[in-house]
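Every number in this text was worked out from the coordinates using simple rules, so none of it is lab data. Predicted model only: the values in this text are computed from it and were never measured. Virtual Cβ from ideal backbone geometry, glycine too; neighbours counted across all protein chains shown.
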Amino acid sequence: MFRLASIRTASLGGALLALSACAGGGFRTPSDVPVRIGKPYVVRGATFVPAADPSYDMLGYASWYGSESGNRTANGERFRPDWITAAHTTLPLPTYVEVTALATGRRIVVRINDRGPFIPGPRIIDLSRGAAERLGIRAAGQAAVRVRRIEPSETERQRLLKGKPTPELPPVPQPVLDTLRRQFEAAGMSVTGPTRRAAGR
């Protein structure tokens with residue numbers, strides 16, 4: 001059963017994430033091993049506790065970022081804005097998720113290899129520019145989404161590790177999409193907003 005970002009909380013604290021993206025060489029070759037969970041860390045006064053969550057299934061907002069080209073992601077890889085990747089505050093690195101746009105039912109498979117978003121509120125994932133474009137939300141900046149952890153096929157993994165998108169998925173069936181939208185709006189969030197991208201991560 002999915003959860004809502006508005007009812008999931010993080011403990012509070014105060015210093016900067018040691019694994020945050022930073023410029024430099026010596027990048028790690030994209031790989032699914034080892035899987036890194038990491039220690040609790042603090043960003044902007046909020047404490048985040050990374051942990052494995054095989055049943056992760058949440059509703060919230062997605063944003064995107066693309067100006068950090070060439071920077072290091074939290075697991076040591078080079079950030080490539082056109083690849084289908086994402087940032088999450090607590091899921092292991094890497095983790096594969098299916099992201100569904102609630103406005104359209106469109107869905108994609110994404111590889112999480114970075115940390116974020118760090119703006120307070122119901123934002124649950126930061127997509128790369130390439131992922132936002134493939135999901136059809138780049139123009140909106142932010143969009144209502146469902147994020148669900150999955151185990152993709154080896155073929156899908158290899159495509160994403162090489163910067164290629166997985167084959168297009170069929171849209172979510174309308175009855176399922178209607179249920180997701182009702183649950184989202186019952187929590188006081190709008191499927192059609194916010195539509196303006198918040199500054200920073």
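If amide hydrogens are placed 1.01 Å from N in the peptide plane, which non-local residues have theirs closer than 5 Å to the one on Gly116? Placed amide hydrogens put His88, Thr89 under 5 Å from Gly116. Counting only Cα atoms, the stretch 3-186 measures 46, 38, 30 Å along its principal axes, largest extent leading.
Kindly rank 80-90, 108-118 from highest to lowest mean number of other beta carbons found within 10 Å of each residue. Present the calculation step by step, with values, prior to reporting the outcome.
Values: 80-90: 22.4, 108-118: 25.2.
Highest-to-lowest ranking by the protection proxy: 108-118, 80-90.
Could the peptides 143-154, 124-135 be put in order, highest first, of the mean number of other beta-carbon atoms found within 10 Å of their residues?
On the way: 143-154: 18.9, 124-135: 23.9.
Ranked by mean Cβ neighbours within 10 Å, highest first: 124-135, 143-154.
With only Lys, Arg, Asp and Glu charged, each at its Cβ (+1 for the first two, -1 for the last two), find how big the charge dipole of the stretch 3-186 is about the Cα centre; round to the nearest 20 debye. Charge dipole of the stretch 3-186: 200 debye, to the nearest 20. Sorted ascending by nearby beta carbons within 10 Å, beginning with the fewest, Lys39, Lys164 become Lys39, Lys164. For the stretch 57-201, the antiparallel share of DSSP beta bridges with both residues in that region comes to about 70%.
Residues whose amide H lies under 5 Å from that of Ile37, counting only those 5 or more places away or on a different chain, are Leu93; hydrogens are built 1.01 Å from N in the peptide plane.
Relative contact order for the stretch 3-186 using alpha-carbon pairs under 8 Å, separation at least 6, rounded to a whole percent? Here the relative contact order equals 25 percent.
Out of Pro167, Tyr41, Thr179, whose Cα points farthest toward the positive end of the dipole of the stretch 3-186 (charges: +1 Lys, Arg; -1 Asp, Glu; placed on Cβ)? The one lying farthest along the dipole's positive direction is Tyr41.
Arrange the following residues from fewest to most other Cβ atoms within 10 Å of their Cβ: Arg44, Arg123. Let's see the in-between values first.
Details: Arg44 14, Arg123 21.
Least crowded to most crowded, the residues run Arg44, Arg123.
Close amide-amide hydrogen proximity is noted between Thr47 and Ser11, Leu12, Gly13, each under 5 Å apart and 5 or more residues distant or on a separate chain (H modeled in the peptide plane; Pro and chain starts excluded). Sorting Arg28, Arg157 from the fewest to the most surrounding beta carbons within 10 angstrom yields Arg28, Arg157.
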